[in-house]
Each structure stands twice: as structure tokens, then as C-alpha cells.
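Q: Sharing a structure, written as C-alpha cells. Questions coming.
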Amino acid sequence: MNRPLCFVLMPFGKKPNTSGVLIDFDAVYDELIAPAIKEAGLEPLRADEEMTGGIIHKPMFERLILCEYAVADLTTANANVFYELGVRHAVRQWSTVLIFAEGGSQLPFDVAPLRAMPYRLTTEGKPADIDATKKALTERLMEAKQPVTDSPVFQLVEGFPEIDHTKTDVFRDRVRYSTEVKQRLAAARKQGTSALQSIEKELGDIEDTEAGIVMDLFLSYRAVKAWPEMIGLMKKMSPPLASTVMAQEQLALALNRNGEGEEAERVLIDLISKRGPSSETYGILGRVYKDRWETAQKAGNKFEAASLLNKAIDAYLKGFESDWRDAYPGVNAVTLMELKEPPDPHRFTLIPVVSYAVERRIAAGKPDYWDFATRLELAVLAKDKEKAMAALGDSLASVRETWEPETTIRNLRLIRETREGRRDTVPWAKEIEEELEKRIGR
């Protein structure tokens, strides 16, 4: 039996309110919103997390327009949620329910008069009084089934036209198709490049394929280190998708791994000039210079190597300065400062700042591999064996793709070999590299 779809507009993960208190929006969805929607006889549908970046793709608009019902959480005045709510109100006369957390933040003036239902939070930022609040939200959703106009556009603009919803059946099929393809891609990643190529062939015209599926395929090629296939897929994408920051950054990463460092550098510098600095873009640019530095160093090109090392450090520093919360470019800058001859003394000023950034990310919840790997690298730089071994365990447990620990092994090896050249041996450093190598089956 197909139940009516209810699209949920809300932030992901943990986000701070105006008082700095973290709200666990995933818990709000799992414990409150989704159960209430099901109680009302509807099927919850939340936006894919990758759809919440800098561009709203076609599937998002389809969900906003074609889902029979919607719940919008206005807490923290999230810009994406308000944009999506505006689209929803423009095309749906009724069936949109608004909620917000009490004390989460003051609602902006333009939406304050709307009939939004408050809910309470615990001190941990999770929903309180779940049973009573869930019941109230279920009742609101049942009321939304009645044709009572809740869109201010339809309320205030006389004769505003309603959108033709005859595409609903096609929309439902598309949602199911997207889910099916993503599940197949997840399985294909374990089989290798040829399995992913088979799925790409089945998709047909990539330019007309849903953006979320294309990006999943793009990143799946990255997971199996199929760099030429990533580059080839990029050429088949629709121009709007290919021009996004994420696509351009990942293209540069693939180009660099494919031995096309100069082209990768061009892509990234062009991206920075058009879209401005970001920690991710500069982080990838730093990696491009770092790889070229190693190549020049191995070839005995002393002066070229020194110049490229400085460029790599500068790129990583600019990445960290563009977003102090992202410790990844920061730890890479510190590591390369350690590798200079003589070591750059400014690294001692930077290390505490990078350490604070990564500890804040870990404390905020849902840390990933790079957070623990950064903690590991900082501990090795500080020659703190106890912290390094603890961070190693967390890193091993958080590996998602084999290229992640490969990057860490490489950095740790550079640190160890440089120190050995200075007769500054750390006996346990090699053991950490070997444990990481075991994790990826070397």
C-alpha cells in the first residue's frame, strides 16, 4: 500500500542555536518527527544529506513540489530550510506543518506570524516529552489533510494558481529508483571498477541522470581509486552539476592522483578565483603541491622542491585560515613545517590551534576518519605515544575507504624518515604505520 509522502525540511546532525546549545536534529527526526508522520498514516521522506550543499538539485525541487505533505523545522533559522519552505509555500496551498524548538532561536519576522508548533528539548539537545509532542504533531498532520490554506502566498495573493500534480506517480517511481541505484552502487564499490562501469552503462545519458546518483557514482569511482573513470564521468555530467564546487574539487583530486598535477592546480586556482577560498579547495591544492614536491625531491631537484614545499604549506595555511574549524589543512601545514630544513618554528604556534579545532569537532559528535587521523598525526608530531596509540585505535575503527589511511601512512612515513635523517628516532612510529597498512590489506 502506497501511503502519502511527507517531506521533512530540517537541518542535519548537531547544530547550535543562538545561545550556542547544540541541538541534535537527527534525534529530533528519529524520535519525534518520523514516528509522528507514520502515526498520521504518511510515509516520511527526508532530504539526502548530500543535497544540502551549495546548490539545490532537481530531486529536491521535485520533493518540495510533489510530496503531498511536508514538515518544516524552523529551529536555528536555517537558510536552506527557509528557502525550501518558500518554494513549498509557492506551489502548495495547504498540507505544510511548521515546528520549532522552544528557546532554539527567535523566528524571523517574516515567518513569526505563521502557525508553528513548538516542541521542547532536553539539556542534551534531544526532544523532550516525546509522547505528548508526538501526539500533538500527529494531530497537526491529520488537520493538514483538510483543505485549509496554510500558505501565505495563497492566503494573500488572490487567485494564485495551484500546480498540476499529475506527475506524482512518476515522482514516486523516481524516489524508489534513486534508492535502488544507490544501494547497487554501495554493493558495486566492494566489487571494483568494472562493477561500477556496468552501472554507469545502464544509467544511459549521464547528463539527464539525477544529480544525486551521478555524484554517488563519481565518489564511488573515487572509493576504488578509479581516477581515469572519475575524469571521464566528469565530461559527461550536465554543465550545472559539473560546475559545482564539489564536482570541481573532486575532479582536481582525481587529476592529481592520475598524474596530472598541473591540470589539477589549474582547476583549483580557477575555482578559488570564481567561488572564493575554502578549506577543502585549498586542502586539495596543498596536496597537489605536496605530491609535486615529493617528485622533485626524489629527482634531486633541490631548488624546485623547496619552492613547491613552500607552496604546499602556504596553500594548507590559507585553507585553515579560511575555516578554523577544519583541522585537516591545519595539520598538513604543521606536518610540512616539520619536514622543512630546518623545521619551521611557527609550527609550535599553530599546533595548539589545530589541536583545539579537531577536539571541538570530535566533541560536537559524529567524528569521521579524518578527525581521528588528525589527532593521530598531531600526537606523532608531539612524540606522545599514549595519545598516538589511542588515536590509532579510533582511526582504524573509522576507516571508510582505503585511500584514507593511505594518505595518513604517507604523512607519518614522511615525518619518521625526516626525523631519522636528523637522528631523531621515535621507536614506536613505524609500528603505527604497520597497523594502518594491515587495515588496508598490505
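Q: If you fit an axis through the alpha-carbon atoms of helix 347-363 and take the longest principal axis of the Cα set of the chain, what angle between them do you get, 0 to 90°, nearest 10?
A: Between the helix axis and the principal axis of the chain, the angle is about 30 degrees.
Q: OK, next. If you take all C-alpha pairs in the chain, what percent of them are over 37 Å apart?
A: 36
Q: Taking the chain as the reference, fit the longest principal axis to its C-alpha atoms, fit the long axis of helix 429-439 to the helix C-alpha atoms, and give the angle between the two in degrees, 0 to 90, nearest 10.
A: 50
Q: Take Ser278, Ser19, Ser198 and order them by how many other Cβ atoms sit within 10 Å, fewest up front.
A: Ser19, Ser198, Ser278
Q: Cβ neighbours within 10 Å, averaged per peptide: list 345-352, 37-44, 70-77 in order, most packed at the top.
A: Working: 345-352: 13.4, 37-44: 19.9, 70-77: 23.0.
Ranked from most to least packed, the peptides come out as 70-77, 37-44, 345-352.
Q: Here's a follow-up. Taking springs between alpha-carbon atoms closer than 10 angstrom, which of Tyr328, Tyr119, Tyr356 fluctuates most in the Gaussian network model of the chain?
A: Tyr356
Q: Could you check what % of the DSSP bridge pairs in the chain are antiparallel, to the nearest 5? Could you put the intermediate results ahead of the total?
A: Numbers: 4 of 20 bridges.
For the chain, the DSSP antiparallel bridge percentage is about 20.
Q: Show me the ranking of peptides 402-409, 360-367 by mean Cβ neighbours inside 10 Å, starting with the highest. Show your work: numbers first, answer last.
A: Values: 402-409: 18.1, 360-367: 14.4.
So the peptides 402-409, 360-367, ranked by packing, come out 402-409, 360-367.
Q: Tell me the Rg and the Dmax, in Å, that the Cα atoms of region 238-439 produce.
A: Both quantities, over Cα of region 238-439: 16.6, 54 Å.
Q: OK, next. On a 0 to 90° scale, report how tilted helix 385-398 is relative to the longest principal axis of the chain, with both axes built from alpha carbons and the result rounded to the nearest 10.
A: Approximately 50 degrees, to the nearest ten.
Q: Hey, another quick one. As a test of the formula, what do you get for the chain when each DSSP H run with n ≥ 4 contributes -39,500 (n - 2.57) and the sum is divided by the residue count, at 222 nm and rounded to the nearest 500 deg cm²/dmol? Write out the running numbers ahead of the final one.
A: Details: 21 runs with 268 residues, N = 442.
Estimated from H runs of four or more residues: -19000 deg cm²/dmol.
Since every read-out is calculated from the coordinates, none of them should be taken as a lab result. The structure presented is a predicted model; accordingly, all values stated were derived computationally and were not measured. Please note: Cβ atoms are built from the backbone with ideal geometry, for glycine as well, and neighbour counts cover all protein chains shown.
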